[in-house]
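The structure under discussion appears below in the form of C-alpha cells.
The values are calculated or read from the model by the stated rules, or taken from the named source; none is laboratory data. Just so it is clear, the structure is predicted and the values come from calculations on it, not from any experiment. In this analysis, Cβ positions are derived from the backbone assuming ideal geometry, glycine residues included, and neighbour counts consider all displayed protein chains.
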Amino acid sequence: MRLGGLGLLSARDMVAYAFVASRSQSWKLQDHILRKSGVANTDPDYASALERLHESLPDFDLDGFSNKDTAPKKPQKNLANALCYRIAQSLGKIFIFPPSESNH
C-alpha cells in the first residue's frame, strides 16, 4: 500500500516497532517474572529490532529504549507518534503536484 499513495506501512515495516514497543512496555512484568533467572535485560533480537527501528526513524532518539531504567513511560505512544509523523511526512511528498498538473 505504500506505493499506492496512502502512506501505510507494511507488516514487515511494523514488526520492529511492535516488538520494541511491546518489549519496553512490559519490562516491569518481565523483570518481576524473570527476577532470579539471570536473564539479561536485552538480547540480540531486541538489539536488532532497535537497530532496524533506528534505520526507519533516524531522527528519533531511541537511546532510552535500550535499558529498562531509561525507557520512556509510554513507549508505545512515543513510537506510534514518531511513526505517524514519518507517515505524514511521506504523504506530503506523495501529494505534491507540479504546477502543470495541479491546474486540472
**Item:** Filtered residues of the range 21-51 (kept if within 27 Å of Ser90 (Cβ to Cβ) and either surrounded by 16 or more Cβ atoms within 10 Å (Cβ to Cβ) or of a type in the set (A, V, I, L, M) (or both))
**Value:** Ala21, Arg23, Ser24, Gln25, Tyr46, Ala47, Ala49, Leu50
**Asked** Wholly within the range 22-104, which helices (runs of 4 or more DSSP H) include no fewer than the required count, namely at least 1 residues that are within 13 Å of the chain's Cα centre (by Cα) and modelled with pLDDT of 85 or more?
**Response** 44-56, 75-94
